[in-house]
Amino acid sequence: MGDPVTEHSARLQQQEREIQSLSAEIEGLKNPQNLGPSPRLDELREENAKLKYRLNVLKRSLQEDSPPCSKTMTNINQRLQEVFGEAIRASFPELADPPLAVAPNQQAKFGDYQCNSAMAMAQLLKAKGVKVNPREIAEKIVQNLPDNDLVHKTEIAGPGFINVHLKKSFVSKLLNNLLMNGVQPPPLASRKKVVVDFSSPNIAKEMHVGHLRSTIIGDSMCRLFEFLGYDVLRLNHVGDWGTQFGMLIAHLQDKFPDYLSVSPPISDLQAFYKESKKRFDEDEDFKKRAYRCVVRLQSKEPDFIKAWNMICDVSRREFQKVYDCLDVKLMERGESYYQDLMTRVVKEFEERGLVELDEGRKIVFATGQSLPLTVVKSDGGYTYDTSDLAALRQRLFEEKADIVIYVTDSGQGPHFQVVFAAAQMIGWYDPRVTRVEHAGFGVVLGEDKKKFKTRSGDTVRLMDLLEEGLKRSMDKLKEKERDKVLTPEELIKAQRAVAFGCIKYADLSHNRINDYVFSFDKMLDDRGNTAAYLLYAFTRIRSIARLASLDESALKTAAKTTEILLDHEKEWKLGRCILRFPEILQKILDDLLLHTLCDYLYELATTFTEFYDSCYCVEKDRQTGEVKKINMWRMLLCEATASIMAKGFDILGINPVQRM
């Protein structure tokens, strides 16, 4: 026997289709005499009403039989959309795809959420020749709201806004669920494969501040997808192939002639690169030899592959220092990986008749793009266009990616636009099915609002920047006399948490599309929307449980038996703020703008401060300082806040410490 709810729903939908058909037939009759009642229509409507009643009974029964909450966090906005979507479809079945707009209410006095669909629906109905006041539409929607466990009451305001007040019992249950099960992601419809291409420095060159943005933003995106349950491949598309390796190998042969038997002591690869570049530009014989080295490398001669690997290994060690500081994990898959695939890609475009010749070059014009891709140079070599096409093809067909994201500076946006258009033109993917996106970002500026450089005008080395951050964070901690309270080990942990946390947060808290000003003074300020403020706030929240001598297991036990009261307005505000976390993550999933999470964490921390200043969690004797009373439901609100903040930090790649 099938599921009774599914069976009744199917019958209900079938009957509603029949009612619509018969209603349309009656409306279509031109002769007013023919507009008499239809026995079949009346019969169907009566049975339909009975089915709706039975369906609601079954749904209520299922809600009562099943546990009040699942282990995963509930996206309240999504639940409300389901409830209002059902009401809208029941109210206006003639609208094929009615607008559905539900959002948190900006002013608490008007309720918790607001449904703003009525105005847009009035416009749609007007286009069909039906004039209806938006308030009437809102009233009809409210009348058709199905039975549910989350809406306490609704109010219609203004031209047709529906203000929604949530049930306190519903919010309280969700908070208990969060405390018992931890911060669990909402259920995933299907586990998609995600490829994120980020960081991507060039071999033999220093990582600079531009790589910092790509590394931080890309890592945070990966952490978000991983938390939500996706299968994530973190790729480092390093620049490890090309003509520059000819000059590097030729210089290596001259400077360390015994490199094949004795590992060359290259400590400063940047200086080594500059020396070889100078010779390449000034010495014609060296330049010719460098070109011959490239040919032999591309022919994969063992000695040249070994020299190439040595140079790459020196760079990898330097890159890893940065990744270790920032706690970033990546799989290296550089341009060299795609060399053999490039030939196949060019052949595929040629076989489809999509390649044109232009002064010896082979070019591809993608549909709707004014600039072509150069897939083969006039000397027969491949280009970045070719390697990016080959990389995208490999990710789509071999990795079977459902989502591919490129995290590079916005200047590369036009290039990726053409690459994606070419891939769609040849039929590699359908953008309605597969998401391929360039997540661009602005440049890092100095405090003078110009491109961030050293005083001498050089690009800022990333390791120098991170080391400066460590020095400044230690100065800040000592200024607050934390060195007198913390053990040496705790002080080092706090130093690293503040330094790297502040650098990451300063980047992620800005809209990635915009340029941002790099300022150690601002990022280490413990006032305002900074990591320093949030880390101190988090430490303070965690210390409240220690003050009450409550450990994790005691709080978990309390969550099972204690109802979280939300009678005080600040308790209610904090409870609702905590539960918006899944909505925030969904928004970031849609637009890949991580500053939304930073704004939310700052709002949560300030909302908690309001709550803590107004509601006693632990009551102490004023004379002795002895704990007299613990308000357990408020302690649970403290714990829920800390749990969400900890998960938010984790997604941002920030490592909070228990003591600071």
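Summary of computed values
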read-out	value
Diffusion constant of the stretch 463-545 at 10 °C, which comes from Stokes-Einstein with the Kirkwood Cα-pair radius and 1.306 mPa s, µm²/s	119 µm²/s
N511-R79 pseudo-label distance in nm [points 7 Å out on the Cα-to-Cβ vector]	3.2 nm
Virtual spin-label span in nm between K480 and I492, 7 Å along Cα→Cβ	2.1 nm
Karplus-derived 3J(HN,Hα), 6.51/-1.76/1.60, for each residue of the stretch 177-184, Hz, glycine and proline x	4, 4, 6, 6, 9, x, 7, 9
Over the stretch 150-224: Kirkwood hydrodynamic radius from C-alpha pairwise inverse distances, Å	17.5 Å
Contact order relative to length of the chain, as percent, for alpha carbon pairs under 8 angstrom and 6 or more apart	13 percent
Translational diffusion of the stretch 488-584, µm² s⁻¹ [Kirkwood Rh, Cα pairs; Stokes-Einstein; 10 °C; 1.306 mPa s]	96 µm²/s
Trypsin sites (Lys or Arg not before Pro) within the stretch 268-326: DSSP coil, no more than 16 neighbouring Cβ in 10 Å	K300
Theoretical FRET efficiency, 1/(1+(r/R0)^6), r = Cβ-Cβ of R344 and R527, R0 56 Å, to 0.05	0.50
Length-normalised contact order of the stretch 171-272 in % [C-alpha pairs under 8 Å, at least 6 apart]	31 percent
Kirkwood Rh, Cα atoms: Rg over Rh of the stretch 85-228	1.16
Under 5 Å, built H, 5+ apart or other chain: amide partners of G239	N202, I203
nm² value of the averaged projected area, convex hull over the Cα atoms of the stretch 276-387	10.6 nm²
Helical contribution to [θ] at 222 nm, DSSP H n ≥ 4, -39,500 (n - 2.57), averaged over the chain, rounded to 500	-18000 deg cm²/dmol
nm² value of the averaged projected area, convex hull over the Cα atoms of the chain	41.2 nm²
Net length gained if the chain between D149 and K278 were fully extended (0.36 nm per residue, minus Cα distance)	39.2 nm
Nonlocal amide H pairs with M73, under 5 Å, H built at 1.01 Å	Q184
For the stretch 526-660, Kirkwood radius (reciprocal of mean inverse C-alpha pair distance, Å)	15.7 Å
Scattering curve values for the stretch 64-168, log₁₀ I(q)/I(0), Debye with Cα scatterers, q = 0.10, 0.15, 0.21 Å⁻¹	-0.29, -0.62, -1.09
Normalised contact order of the stretch 216-325, rounded percent, pairs of Cα under 8 Å and 6 or more residues apart	30 percent
Pairs of alpha carbons in the stretch 328-464 whose separation is greater than 19 Å (percent)	58 percent
Selection from L389, L486, I426 lying farthest towards where the dipole of the stretch 378-487 points positive, charges on Cβ	L486
Mean-position separation - Cα centroids, the stretch 547-572 and the stretch 147-212, in angstrom	23 Å
Per residue accessible area of the chain, 1.4 Å probe, in Å²	50 Å²
Whole-percent carbon and sulfur share, accessible surface of the stretch 261-334, 1.4 Å	50 percent
Separation between Cα centres of the stretch 473-523 and the stretch 113-127, rounded to whole Å	48 Å
Cα radius of gyration and Dmax for the stretch 556-627 (Å)	16.2, 54
Interatomic Cα distance distribution for the stretch 616-660, bins of 5 angstrom, percent	6, 19, 16, 16, 16, 13, 8, 5, 1
Over 18 Å [Cα-Cα, the stretch 211-354], rounded percent	66 percent
Residues of the stretch 530-548 with amide N under 19 Å of a point placed 7 Å along Cα→Cβ from T606	530-541
Modelled FRET efficiency - R0 41 Å, A157 with S614, Cβ distances, 0.05 increments	0.90
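The values are calculated or read from the model by the stated rules, or taken from the named source; none is laboratory data. On a predicted model such as this, the values are computed, not experimentally measured, just so you know. Here Cβ is always computed from backbone atoms with ideal geometry, including for glycine, and neighbour counts include all displayed protein chains. The accessibility values were calculated without ligands, DNA or RNA, using every heavy atom of the protein model including side chains. Shrake-Rupley method; radii C 1.70, N 1.55, O 1.52, S 1.80 Å.
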